[in-house]
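Let me begin by presenting the structure, written as structure tokens, before commenting on it.
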Amino acid sequence: MSLAGKTAVITGSNSGIGLGVAREMAKAGAHVVLNSFTDRDEDHALAADIAKEFGVNAKYVSADMSKGEDCRRLIVDAGTCDILVNNAGIQHVAPIEEFPTAKWDAIIAINMSSAFHTAAAAVTGMRERGWGRIINIASAHGLTASPYKSAYVAAKHGVVGMTKTIALETAQEPITCNAICPGYVLTPLVEAQIPDTMKEYGMDRDTVVKEVLLARQPSKEFATVEQLGGTVAFLASDAAAQITGTTISVDGGWTAL
């Protein structure tokens with residue numbers, strides 16, 4: 001599938017899932033705009049490396065996804081946004097009665113409200129150009145729940161609902177809006193947690209992965225950032241033109257339970 005000539009804006013994409021998505025989009029021929037809240041030389045170097053490797057245009061735009069005005073500015077600074085991938089997210093775990101208000105506000109802002117602001121800013125240009133794709137990276141927690149993750153679960157459920165609404169508003173136009181719901185994905189952040197978890201439980205790596213981290217993931221295998229990126233590329237392709245307002249789970253069977 002080719003996305004040549006299209007420009008993809010991916011929020012939260014200087015590492016992990018977002019960077020994996022950006023690379024897969026560039027591999028499919030799309031120009032890419034990377035984003036995070038930092039503005040370091042290495043952030044811009046990531047974009048330069050992608051441009052060189054895949055022969056596409058790539059740039060990095062610093063914008064804080066906790067701030068609505070920054071979310072909307074990202075779309076302006078991108079220049080063109082044919083494909084919007086809302087990926088930025090943070091997490092905090094605590095019982096509801098102990099959940100810090102500041103953490104709740106930040107998670108709702110970054111994980112959910114940012115997708116509202118970027119989509120609202122991007123859809124006008126998509127209509128003017130007569131084509132668009134909005135792809136929200138939700139979570140298995142957008143379809144189910146876990147204890148101690150009230151803000152994250154609320155935000156991801158909200159993203160799934162917003163996805164359906166945007167899809168209905170654009171249903172008679174060549175614009176689609178869908179959500180991808182990953183389970184556990186092997187990212188550098190997850191990989192870094194494994195040694196400490198091994199010490200905490202007194203288990204070897206394989207046991208920790210299968211019995212602790214992937215306890216709810218029936219496949220007992222992590223999804224990869226390349227698989228997530230491939231799913232995004234499919235939803236952006238012409239083959240997915242009649243797929244809108246839905247969720248695609250990449251969770252090893254988690255939500256089949």
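The values are calculated or read from the model by the stated rules, or taken from the named source; none is laboratory data. Just so you know, these numbers come straight off a predicted model, no measurement behind them. Here the Cβ is made from the backbone with ideal geometry for all residues, glycine too, and neighbour counts use every protein chain on show. Only protein heavy atoms, including side chains, enter the accessible area calculation; ligands, DNA and RNA are left aside. Shrake-Rupley method; radii C 1.70, N 1.55, O 1.52, S 1.80 Å.
Might you check whether a residue that is open to solvent by less than 60 Å² (accessible area, probe 1.4 Å) and at pLDDT below 95 occurs anywhere in segment 154-170? Can you show your working first?
From segment 154-170, those open to solvent by less than 60 Å² (accessible area, probe 1.4 Å) are 154-156, 158-163, 166-167, 170; that's our starting set.
Narrowing further to those that are at pLDDT below 95: none.
Scanning segment 154-170, I find no residue that is open to solvent by less than 60 Å² (accessible area, probe 1.4 Å) and at pLDDT below 95, so the answer is no.
Give me the strands (runs of 3 or more DSSP E) completely within segment 53-164, filtered to those with at least 3 residues that are more than 27 Å from W254 (Cα to Cα), ordered by residue number. Before you say what the answer is, go through the steps one by one.
On the way: elements: 58-62, 83-86, 132-137.
Because the criterion is at least 3 residues that are more than 27 Å from W254 (Cα to Cα), the strands (runs of 3 or more DSSP E) in segment 53-164 that meet it are 58-62.
Within the bounds of segment 17-28, is there any residue that is open to solvent by 10 Å² or more (accessible area, probe 1.4 Å), under 18 Å from the mean Cα position of the chain (by Cα), within 19 Å of A121 (Cβ to Cβ) and at pLDDT 95 or above?
No - not one qualifying residue is present in segment 17-28.
Out of the residues in segment 29-49 that are assigned to a helix (DSSP H, G or I) and more than 14 Å from V9 (Cα to Cα), which is most open to solvent (accessible area, probe 1.4 Å)? Outline the logic, then answer.
Our first condition is that a residue be assigned to a helix (DSSP H, G or I); within segment 29-49, this holds for 41-49.
Remaining after also requiring more than 14 Å from V9 (Cα to Cα): 41-46, 48-49.
Details: D41: 131, E42: 102, D43: 1, H44: 81, A45: 43, L46: 46, A48: 56, D49: 95 Å².
Filtering first and then ranking leaves D41.
From the set of residues in segment 185-220 that are hydroxyl-bearing (S, T, Y) and more than 30 Å from A121 (Cα to Cα), which is surrounded by the most Cβ atoms within 10 Å (Cβ to Cβ)? Break it down into steps so the answer makes sense when it comes.
Step one: of segment 185-220, the residues hydroxyl-bearing (S, T, Y) are 187, 197, 201, 207, 219.
Now narrow it down to the ones that are more than 30 Å from A121 (Cα to Cα): 197, 201, 207, 219.
On the way: T197: 15, Y201: 12, T207: 12, S219: 13.
Result: T197.
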